[in-house]
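Beneath this line is the structure, given in structure tokens, with notes to follow.
The values are calculated or read from the model by the stated rules, or taken from the named source; none is laboratory data. It should be emphasised that the depicted structure is a prediction, and the values quoted were computed from it without experimental measurement. Because the Cβ atoms are built from the backbone with ideal geometry, glycine has one as well, and the counts that use them run over all protein chains shown.
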Amino acid sequence: MRSRKLYDGDVGYELRGQSSQKFRRKGQVKKQNEIEIEIPNGDLTKGRIFFNHNCAGCHDLDQDLYLGPSLRTVYLRRNGSKKFSNYGKDLTAYKFYWTRKKLWEFLENPEKMFPDTNMQLDGVKDPFMLASVIDYLQYLRVFTCDIRGLKQII
């Protein structure tokens, strides 16, 4: 059974949900346009509460709703890979994975990253709350999903 590794900051993650040591493949260099952000650690409980109050109206964890795609497996998912018809045009034009840095950049100001986005959020201004939401989304992917990205019963 193979697992695909993705690079996210200083840590390598395997999609089956376990982290590995820091790794770099030969020839892998930082791109010039990568954002350099030190993302603080957040609080999972505050991230869950923020998600339930601010995100759950448009997003469900397991099912795509009319307004927004499911978010249980958004962390390390390829951008635009869900068969969701209500994405903005800009969002499907780019090819990247939703890492911590990309989630930070998007949730901080969605319209700056994608001017045509349908997301009705002005952005999360508090860095600790933003880190908490990202930690919660990472927790959902790593600890509540199996290798195929399906929900596990814990």
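Conditions tested, residue by residue: (1) part of a loop (DSSP other than H, G, I, E, B); (2) among the hydroxyl-bearing types (S, T, Y); (3) at pLDDT 70 or above; (4) closer than 23 Å to K125 by Cα.
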site: Y13; (1), (2), (3), (4): no, yes, no, no
site: E34; (1), (2), (3), (4): yes, no, no, yes
site: G47; (1), (2), (3), (4): no, no, yes, yes
site: L71; (1), (2), (3), (4): yes, no, yes, yes
site: K102; (1), (2), (3), (4): no, no, yes, yes
Exercise. Write out, first by first residue and then by second, each pair whose Cβ atoms fall under 9 Å of each other, whose residues are 6+ apart or on separate chains, and whose first residue, in the range 109-122, is within 19 Å of Y66 (Cα to Cα) while the second is of a type in the set (F, W, Y) and loosely packed, with under 11 Cβ neighbours inside 10 Å.
Key: none
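Can K112 be described as crowded, with 16+ Cβ neighbours inside 10 Å and either at pLDDT below 80 or assigned to a helix (DSSP H, G or I) (or both)? Working first, answer last.
Numbers: crowded, with 16+ Cβ neighbours inside 10 Å: no; either at pLDDT below 80 or assigned to a helix (DSSP H, G or I) (or both): yes.
Considered against the rule, which asks whether it is crowded, with 16+ Cβ neighbours inside 10 Å and either at pLDDT below 80 or assigned to a helix (DSSP H, G or I) (or both), K112 comes out as no.
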Exercise. Among the residues of the range 46-81, write down those that are hydroxyl-bearing (S, T, Y) and free of Cβ contacts under 8 Å to residues at least 40 places away in the same chain.
Key: Y66, S70, S81
